[in-house]
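*Asks:* The structure under discussion is supplied below as structure tokens; questions concerning it will follow.
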Amino acid sequence: MQPNNNSRRRRYETPGVATLASAGLAAYGTYCLANWAWNQWYKKEGDDSQQRQQQQHDDTNIIPMASHPSKPLGRERSPMSPQQWRSRRQRMVRCGDEVARALEGLLPSLKRAIEEATPTIQETQALKQLKTKGQHSSQQAMDLWETVKVRSVTRLVATAYAHSILVLVVTVQIHLLGGKLFEEQLHTDNNNTNDNDDSTASDLMSTYGESHKEVLHNTYKYYFEQGVPALIQSVETSVQSALADWKFSDASCLHITRGAFDQALQRIRQQQSLEERRLLQYLVPSAGMSLITDAVSDEMARWILYETWDVLESPVVAMAHRDCLDVTFERMKHSHWTKIFDESTTGKPLALIISKLKHTSRSFFEFQQQHQTDAVNGYYLEMQCLPSVMELADVSFG
């Protein structure tokens, strides 16, 4: 039993997300500039042993990069000394760490947006009541199972897509900001001034802090409130089409094999293939970017927003998005499908498979410890090492 148009429209409206997203973005924006930019970027190198230890730590954790990074889109790079190249590489590593912290702050809003748009609690409770009455094979029960099937698989696939988009956008914006800060320091160093004293650095961080908060607000508020629901609608259409033959009343659905399930997800991805190259539609109103930028008075924020959109339309992002999705689906396949299908060769009932998908969907919002203190999203750990994602970070940093 599919919802009518009015119920569909209500289901995709997520009023609770706006408050959560705004609060989360404000908190993250304050954290980002207070902790990362100030403490990491304006330390004078080599002043004490602790800083030398930090430099050694950075050296051992540098993500492999090309010796001559890609030219940034539409920007010229000033010549740099070997020491400046070294500093650039170290700071890109710190940007990568900050992406992980940003995801930790932003993923709760994404989780809530997706769960509010793909509810199954009422249908599940209704199915339990029908089972108690001995009506678990009725047409009403079959219709409810169909709704649960579509929404559960939609939640899984949409989470994979929405999470990969979030990773890419956060990667671009943090590296854009990081590159701009690095450019400021290069300018200061090249002119042999004392502009990087504590007072000047504090003023600069305050200015960048306000800019970055505007960027966060005008990117992710729209994404969580408008982009994610639109993405879910698109995925749901693909799921309905790809799984149309999987009927709970069909005896064959008592023996869904792991291979058959993998093929079903592949069909969904094939139908979503065009959407994989259209990230910007989920981040910018269809009426145009000016609806966002006209409301942004901060010049630096406008620059970062336009640079973000410019990078997101580039081929490197299309490649990175495809690679991120490939890694994501492979991780789900090897880390979660084994738990669902065990060693079974005859397959599992469709109802059992669907009921266990929620654990996989939740895995995108779990974190694991790294370097003893940092909690890192496991999917991001694999994505950040992809050559295409490293190239994206390099292009964005400038």
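The values are calculated or read from the model by the stated rules, or taken from the named source; none is laboratory data. Source: prediction; values computed, not measured. In this analysis, Cβ positions are derived from the backbone assuming ideal geometry, glycine residues included, and neighbour counts consider all displayed protein chains. SASA here: full protein model, heavy atoms, side chains in, ligands and nucleic acids out. Shrake-Rupley method; radii C 1.70, N 1.55, O 1.52, S 1.80 Å.
*Asks:* Spin-label point model (7 Å from Cα, Cβ direction): what's the Cys385 to Ala244 distance in nm?
*Replies:* Output for this residue pair reads 4.1 nm.
*Asks:* Could I ask something else about it? For the ranges 150-161, 240-251, what's the packing order if you count other beta-carbon atoms within 10 Å of each residue, average per peptide, and put the highest first?
*Replies:* Numbers: 150-161: 24.6, 240-251: 14.2.
For the peptides 150-161, 240-251, the packing ranking is 150-161, 240-251.
*Asks:* Also: Quick one: Karplus J couplings for the stretch 382-396, per residue in order, coefficients 6.51, -1.76, 1.60, θ = phi - 60°, nearest Hz, x for Gly and Pro?
*Replies:* Running phi through 6.51 cos²θ - 1.76 cosθ + 1.60 with θ = phi - 60° gives 7, 5, 5, 8, 5, x, 5, 6, 5, 5, 4, 4, 5, 4, 5 Hz.
*Asks:* For the pair Met80 and Gln266, what calculated FRET efficiency results from E = 1/(1 + (r/R0)^6), where r is the Cβ-Cβ distance and R0 = 51 Å, to the nearest 0.05? Provide the component values of the computation, followed by the final result.
*Replies:* Values: r = 45 Å, r/R0 = 0.88.
About 0.70, to the nearest 0.05.
*Asks:* Averaged per residue, what accessible area in Å² does the stretch 223-282 show with a 1.4 Å probe, protein chains only?
*Replies:* Numbers: 2740 Å² over 60 residues.
Accessible area per residue, the stretch 223-282: 46 Å².
*Asks:* For the stretch 309-396, what is the accessible area per residue in Å² when the probe is 1.4 Å?
*Replies:* Values: 3980 Å² over 88 residues.
I get 45 Å² per residue for the stretch 309-396.
*Asks:* Please give the contour-minus-distance gain from Lys128 to Glu366: 0.36 nm per residue of separation, less the Cα-Cα distance, rounded to one decimal in nm. Intermediate values should be presented prior to the final figure.
*Replies:* Details: separation 238, 0.36 × 238 = 85.68 nm, distance 2.91 nm.
Gain on stretching Lys128 to Glu366: 82.8 nm.
*Asks:* Please tell me which of these pairs span more than 25 angstrom C-alpha to C-alpha: Lys133/Lys339; Lys128/Lys149; Lys149/Lys339; Lys111/Lys180; Lys221/Lys333? All intermediate terms of the calculation are to be shown ahead of the outcome.
*Replies:* Details: Lys133/Lys339 31 Å; Lys128/Lys149 15 Å; Lys149/Lys339 19 Å; Lys111/Lys180 31 Å; Lys221/Lys333 31 Å.
Those over the limit are Lys133/Lys339; Lys111/Lys180; Lys221/Lys333.
*Asks:* Taking H placed 1.01 Å from N in the peptide plane, check which residues at least 5 places from Ile256 or on another chain put their amide H under 5 Å from its amide H.
*Replies:* Amide H neighbours of Ile256, under 5 Å, 5+ apart: Lys348, Leu350.
*Asks:* Roughly how many percent of the accessible protein surface of the stretch 209-277 is carbon and sulfur, given a 1.4 Å probe and a whole-percent answer? Kindly include the intermediate steps, with their values, before the conclusion.
*Replies:* On the way: 1390 of 2980 Å².
Whole-percent figure for carbon plus sulfur exposure: 47.
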